[in-house]
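Here's the structure we're looking at; comments come further down.
Values quoted throughout were computed directly from the atomic coordinates according to the rules given, and no laboratory measurement underlies them. Here the structure is a predicted model, which means the values were calculated and not measured. Every residue, glycine as well, gets a Cβ built from its backbone with ideal geometry; the counts of neighbours run over all protein chains shown.
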Amino acid sequence: MTIQETAGRRPPILTGGSGPQEVRLRIQAAMDDLKRLADIVAVAIARRDGMIIAHDLPRNVDPRKAAAMTAAIVGTSEMAARELGQGKFLQAIVDSELGKMLSTGAGEEALLVTLVRPEANMGLVLLGVERAAHRIAEILSGE
């Protein structure tokens, strides 16, 4: 698979050498489709235990740290949702000065991490993220 590098960024990476090529290509396609939204800055897929599966993060972001922090945020959010009687966790949004980070469940084993511009059209972003998370969940479950 040939992926051209953009300035200051590494090409999308699927970590680990295992996994059928078709699964790897489908994950890459799901990430690429989400990145087509103008307000999406970067995308990663992590396991719920904090291991990185795939990413298209800026060079200055350590994907292992990003995956671990996302897993911690989601774990805490899941516990809070349960304890406060809010049902099943769906998504955590960290809103910061330079943008937003969305951590979205993508099936039982994975999380979709999306970095978004601060001025993003969140309605459009949330629709795209929901679609991508569902697609990634299907891919990783073997559907």
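What are the residues in segment 117-143 that are among the basic types (Lys, Arg) and outside any loop (DSSP other than H, G, I, E, B), if any? Across segment 117-143, the qualifying residues are Arg131, Arg135. Looking at Leu111, Leu126, just one residue is of a type outside the set (Gly, Ala, Ser) and either surrounded by 21 or more Cβ atoms within 10 Å (Cβ to Cβ) or closer than 18 Å to Val61 by Cβ (or both), and that residue is Leu111.
Of Thr76, Thr70, which residue is β-branched (Val, Ile, Thr), under 19 Å from Leu140 (Cβ atoms) and either without any contact (Cβ under 8 Å) to a residue 60 or more places away in the chain or not in a strand (DSSP E or B) (or both)? Full working, then the answer.
On the way: Thr76 fails: under 19 Å from Leu140 (Cβ atoms).
Criteria check complete, one pass: Thr70.
Exactly one residue out of Val116, Val74 is in contact with a Lys or Arg (Cβ under 6 Å, 6 or more places away or on another chain) and hydrophobic (A, V, I, L, M, F, W, C), and it is Val116. Filter segment 78-108 down to the residues that are loosely packed, with under 11 Cβ neighbours inside 10 Å and small (Gly, Ala, Ser), then identify the one that is farthest from the chain's Cα centre (by Cα). Looking at the filtered set, the residue picked out is Gly85.
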